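The values are calculated or read from the model by the stated rules, or taken from the named source; none is laboratory data. Everything numeric in this text was worked out from a predicted model, so none of it was measured. No Cβ is skipped: glycine too gets one built from the backbone with ideal geometry, and neighbour counts run over all protein chains shown.
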Amino acid sequence: MLKIRLARIGKRKKPTFRFIVSETSRDTYGKALEILGHYNPFSKVCDVQKDRILYWISRGAKLSPTVHNLFVDQNVIAGPKVKASSGKKNEKGTAQTEIVKTAVEPASQALTNETPKAEISLD
């Protein structure tokens, strides 16, 4: 399946991105079918080839969520923006802490209820 996505280029700590068309299983550092434009996140300059993008979309290429939002900003495609990140880390973190809390509470209650107090005589 073809996908239009960002490929990072540029120096360390100074990223710039290319809009590329490639197979979803291919690495973005590898060979791309076509370069469709450039994006600089610092200056917000976005240079795209609108006719080629629409051509690849008509051929069945899908857009990554970030690319979709950038193209909506540039009026390349029409429609609402999509949520780019899923926030899975927060959902997993809260779910795991709830499981840990429920597992620890019964064990601690069992220890406090069943543990007899030892009496020490100093005779």
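Can you find a residue in segment 17-38 that is basic (Lys, Arg), touching a residue at least 60 places away in the same chain (Cβ under 8 Å) and surrounded by 15 or more Cβ atoms within 10 Å (Cβ to Cβ)? Can you show your working first?
Just the residues of segment 17-38 that are basic (Lys, Arg), to begin with: 18, 26, 31.
Those left that are additionally touching a residue at least 60 places away in the same chain (Cβ under 8 Å): none.
Checked against the condition, which is being basic (Lys, Arg), touching a residue at least 60 places away in the same chain (Cβ under 8 Å) and surrounded by 15 or more Cβ atoms within 10 Å (Cβ to Cβ), segment 17-38 yields no hits at all.
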Looking at Gln96, Gln74, which is the one that is at pLDDT 90 or above, surrounded by 10 or more Cβ atoms within 10 Å (Cβ to Cβ) and more than 22 Å from Ser25 (Cβ to Cβ)? Gln74
